[in-house]
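Novice: Before anything else, here's the structure in question.
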Amino acid sequence: LEGSAGVEAPLEEVYAAIADAQPEQQAAYASWIGGVDTEAEAAAAAAAGCILDVGSGTLTYAADFAPPKLCFDLLYCRHGKTTGNTEPRVYQGFVDEPENALNKVGLAQAEEAAERLEALGVAPDLVVLSPLSRASETGMAWVRRHPEAAGLVETWDETAEMRFGAWDNVKVKDLPADSICHLFYLAQNALVRSAAPYTRPADGAAFESESFVQLLTRMGAVLDKLEARMAPLAAERAAAGQPPPLVLMYGHSMAGAALGVLTGNGKRVDGEGYLGFDGKYILPNATPVYLHRCR
């Protein structure tokens, strides 16, 4: 959007215009959804314990939802601040370009997160890092303080951030006001995704987009993998009357939101019954949060 004489309008005005265009976004969504396999998406949501309203794209917990009975405690920490987390906002998903690295504030936040863990006195049995540097560097701030834990650190590709496709690393203000992309954060729409992939500048590799529902499936598989990995140690600890294993994971806002939904920590939108996962509903930067405790 531009003001008079071709001068770009103030950011607040651009965001307001985008919010005002929600009827046009919904109309575009109504047309777009016809090409989506909504039965598969609804089945995936159901497998995660949620009900999907295709018309709005929103998720609610099913009446019989029950958090998984995991054998380990899970402590999750979103990465520190990056340029992409700073106004003007960008879609920052499965990208690892220089602008996605921790900025000065984020580096300090990573150290602060490590200090919080020090205060908690945690002794993880496994430290899982996202392959994206903003998350792995946040985690390494703690690992560097504990060289004895280096052997417990693993990078899991499947814990990377949500793939936004062609929207990735694009400023929100630069996307068309009537685009369905805005329904992701304005309406907590768990189905919208880009039709085109993200092309990595370094090598031209293309990465298809995924919906938040599809991210739930991916992160659910992560929980299953962790459960299988920790089960022998959990059984050994239980037999000895010791606490359960602890997994410390460093990741992202949407990946963390998906794990939050799966573990029963999903946040309901104010005044509504459906779940929120973006905007004010995301985990704060570099703040360790327990998403599951066995007791």
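The values are calculated or read from the model by the stated rules, or taken from the named source; none is laboratory data. Since we're looking at a predicted model, the values are computed, not measured. We place every Cβ from the backbone using ideal geometry, glycine too, and count neighbours over all the protein chains shown. Quick note on the areas: whole protein, heavy atoms, side chains included, nothing else; ligands and nucleic acids left out. Shrake-Rupley method; radii C 1.70, N 1.55, O 1.52, S 1.80 Å.
Novice: List every residue whose amide H lies under 5 Å from the amide H of G93, counting only residues 5 or more places away in sequence or on a different chain, with H placed 1.01 Å from N in the peptide plane.
Specialist: F164, N169
Novice: Still on this structure, please answer the following. Counting each DSSP H run of 4 or more residues in the chain as -39500 (n - 2.57), what helix-only mean residue ellipticity at 222 nm follows after dividing by all residues, to the nearest 500 deg cm²/dmol?
Specialist: Result for the chain, helices only: -11000 deg cm²/dmol.
Novice: Let me ask another. Mind listing which trypsin sites (Lys or Arg not before Pro) in region 103-142 are in a DSSP loop and have 13 or fewer other Cβ atoms within 10 Å?
Specialist: none
Novice: Enumerate the lysines that K104 could reach by cross-link, defined here as Cα to Cα under 26 Å, with residues fewer than 8 away along the same chain left out.
Specialist: Output for K104: K81, K171, K173, K280.
Novice: Scaled to the compact-protein estimate 2.2 N^0.38 Å, what is the alpha-carbon radius of gyration of the chain, rounded to two decimal places?
Specialist: Relative to the rule-of-thumb radius for its length, the chain sits at 1.04.
Novice: Tally up the carbon and sulfur contribution to the accessible surface of the chain as a whole percent, 1.4 Å probe, everything protein left in place.
Specialist: Result for the chain: 54 percent of the exposed heavy-atom area is carbon or sulfur.
Novice: Next question. I need the phi-derived Karplus couplings for region 87-101: 6.51 cos²θ - 1.76 cosθ + 1.60, θ = phi - 60°, integer Hz, Gly and Pro marked x.
Specialist: Karplus-based 3J(HN,Hα) across region 87-101 equals 4, x, 5, 10, 6, 10, x, 7, 9, 9, 8, x, 6, 9, 6 Hz.
Novice: Leaving out ligands and nucleic acids, and using a 1.4 Å probe, what accessible area per residue does the chain come to in Å²?
Specialist: 44
Novice: If R0 is 25 Å, what FRET efficiency do you get for A228 and Y290 from their C-beta distance, rounded to 0.05?
Specialist: On the way: r = 21 Å, r/R0 = 0.84.
Calculated transfer efficiency: 0.75.
Novice: Could you work out the local net charge near A108, counting Lys and Arg as +1, Asp and Glu as -1, over the other residues with Cβ closer than 11 Å to its Cβ?
Specialist: -1
Novice: Any chance you could tell me what percent of the C-alpha pair distances in region 41-171 go past 27 Å?
Specialist: Taking all Cα-Cα pairs of region 41-171, the fraction more than 27 Å apart is 36 percent.
Novice: What does the net charge come to around F72 if you take all other residues with beta carbon closer than 14 Å to its beta carbon, with K and R at +1 and D and E at -1?
Specialist: Local net charge: +1.
Novice: Moving on. Give, as a single signed number, the net charge of other residues whose beta carbon lies under 12 Å from the beta carbon of P201, with Lys and Arg counted +1 and Asp and Glu -1.
Specialist: Net charge in that neighbourhood comes out at -4.
Novice: Can you give the FRET efficiency for A221 and L152, using 1/(1 + (r/R0)^6), R0 = 25 Å, r = Cβ-Cβ distance, to the nearest 0.05?
Specialist: FRET efficiency, A221 to L152: 0.70.
Novice: With every protein chain left in place and a probe of 1.4 Å, what is the accessible surface of V54, to the nearest 10 Å²?
Specialist: Probe radius 1.4 Å; accessible area of V54 about 50 Å².
Novice: Quick check: with the 1.4 Å probe, what order do T83, T38 take by accessible area, largest first? Working shown, then result.
Specialist: Details: T83 80, T38 40 Å².
Putting T83, T38 in descending order of accessible area: T83, T38.
Novice: Just flag the trypsin sites (Lys or Arg not before Pro) in region 1-82 sitting in loop per DSSP whose Cβ has no more than 10 other Cβ atoms within 10 Å.
Specialist: Loop-located and lightly packed - K69.
Novice: Report the calculated FRET efficiency for A40 and A62 (r = Cβ-Cβ distance, R0 = 25 Å), to the nearest 0.05.
Specialist: 0.90
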